[in-house]
1. Give me the distance in nm between label points sitting 7 Å out from Cα along the Cα-to-Cβ direction at LYS395 and ALA287, one decimal.
2. Using the Karplus equation 6.51 cos²θ - 1.76 cosθ + 1.60 (θ = phi - 60°), what ³J(HN,Hα) coupling, rounded to whole Hz, does each residue of segment 170-180 give in order, writing x for Gly and Pro?
3. Around THR128, what is the net charge, scoring Lys/Arg as +1 and Asp/Glu as -1 over all other residues with Cβ under 9 Å from its Cβ?
4. What are the residues whose amide H is under 5 Å from the amide H of ILE99, where those residues sit 5 or more places off or on another chain and H is modelled from the backbone?
5. What list of ³J(HN,Hα) values in whole Hz, one per residue of segment 6-13 in order, does the Karplus curve 6.51 cos²θ - 1.76 cosθ + 1.60 (θ = phi - 60°) give from phi, with Gly and Pro shown as x?
6. Please figure out what share of the DSSP beta bridges in segment 265-428 is antiparallel and state it in percent, rounded to the nearest 5.
7. Output wanted: per-residue J couplings in Hz (rounded whole) for segment 129-140, from phi through Karplus 6.51 cos²θ - 1.76 cosθ + 1.60, θ = phi - 60°, x for Gly and Pro.
8. Near the amide H of ALA327, under 5 Å away, which other amide H atoms are found, from residues 5 or more places off or on another chain, if H is placed in the peptide plane?
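FYI, it's all coordinate maths here, none of it is from the lab. Remember, it's a predicted structure, so these values are computed and weren't measured experimentally. Backbone-built Cβ (ideal geometry, glycine too); neighbour counts: all protein chains shown.
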Amino acid sequence: MANVAVIGAQWGDEGKGKVVDWLASRAGIVVRFQGGHNAGHTLVVGNQTYKLSLLPSGLVRGKLGIIGNGVVVDPEALLAEIARVEAQGLKVTPESLRIAENAPLILPLHAAIDRAREAARGDRKIGTTGRGIGPAYEDKVARRAIRLADLAEPETVAAKLDELLLHHNTLLAGLGAPVFEKQALFDQLMALAPRVLPFAEPVWERLDAARRAGTRILFEGAQAVMLDVDHGTYPFVTSSNTVAATAAAGAGVGPGTVGFVLGIAKAYATRVGSGPFPTELTDATGALLGERGAEFGVVTGRPRRCGWFDAALVRQAVKVSGIQGLALTKLDVLDGLAELKIGVGYRIDGELFRRLPAAPGAQARAVAEYEVMEGWSGSTRGARSWADLPAQAVKYVRRIEELTEAPVTLLSTSPERDDTIMVRDPFEG
Ligand code: GDP
Ligand code: IMO
Ligand code: MG
């Protein structure tokens, strides 16, 4: 028996939420280990649609949710999200949700800095979610972050605010943005403290006990490998490591506990925000994929850019993050297309590459090389067994396996929880 880590294999929004919710029936605990409320994970269960940003998707299945130390936690956003899901009938209490006491907090000044910097970048903006994710991670690494446990020590919060404001107000003033006042921030944090501290604990102890008891742990990634701060299309990335190896450091367990690495990939490709996207379609086919796939950002509300499946990119994601199996989602969006293309590499200044090089200029100039396949006329929408798939759709899936060098472990054929085909149980390792 293995634990499972679910990570995005493209640029996010692959359907991680749906897959985690589906797999959660087989797990005891679901753990978020990086990112923050920049994530938007959609779960469709009957006539209910849950949009989760910070809460682990396993909560919807009634499983214990853990927010690990690798996550940056905005306490206001957390409480707002809890209120939102409670309005949908889901109870979130310290019995169902635990948060690492050493998780760094996102403060209002982080979002202000995020937005002011994006505005200053003009045409070169990253297209961040504006939620303060980058600045909060910067403060963590700079050793000035306020962490969840600090809220129990007013004197610690006051001293850290001095250092934070010295740094950030200087920057905000330079960018022409309003500065923050210490007392107001302090009062705000002290008011939040009694509401969020009941969730805090050393989650590593609970995870260690779970591991020894043989309780299955499901690690829920946010964002995706191509948004990883090291391995992605830097600088058009998020500010955390999104690869599966992060699950260990971001939860407080050993690397052996992470288990099977399941990469989630759409049967085509999308991206929100700026940055290179060699297989992007700016024509009617791209618009059709966007419309059929309902490609609008959960967090930003922006339409997602759409394009063909880029097998060279997913292969790279498979290699750098140790993906052992793929969950291929949204196959149904391709139903009825006469012809499909799969990106197999890039031509850059006349030279052929099977991987995306690291230099941003080369990435921007990369022109996708394609393999063309015939589409299928039947429907895959809602298919629940391999036998229900049109033969040509099976061929498409098999070709993706060959090109990405990863077996397809799960297939998803609609947003609905149970429209899922299991080829192999990832918990079996
Ligand atoms: P995440 O960020 O990786 O969790 O993905 P999002 O939830 O942001 O975006 C995926 C979207 O696709 C959501 O609206 C899901 O409901 C939807 N979805 C997931 N799997 C499928 C599928 O197999 N087919 C279709 N048509 N939609 C899907
Ligand atoms: P899920 O978990 C898609 C993108 C932003 C931007 C870049 C940096 O739903 O797949 P940030 O606010 O993180 O500093 O923004 O990363 N981004 C996502 N794109 N899905 C996500 O999460 C994303 N989280 C961040 O659009 O381009
Ligand atoms: Mg999303």
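1. Output for this residue pair reads 3.0 nm.
2. The phi angles translate into 4, 5, 4, 4, x, 8, x, 9, x, 8, 9 Hz.
3. Working: positive: ARG115, ARG117, LYS125, ARG131; negative: ASP114, GLU118.
Net charge in that neighbourhood comes out at +2.
4. Here ILE67, ALA200, GLU201 satisfy the definition.
5. Values per residue, Gly and Pro as x: 9, 9, x, 9, 10, 10, x, 6 Hz.
6. On the way: 19 of 26 bridges.
Expressed as a percentage, antiparallel bridges in segment 265-428 total about 75.
7. For segment 129-140, the Karplus curve yields 6, x, 9, x, 4, x, x, 5, 5, 4, 5, 4 Hz.
8. Hits under the 5 Å cutoff: GLY263, ILE264, ALA265, THR409, LEU410.
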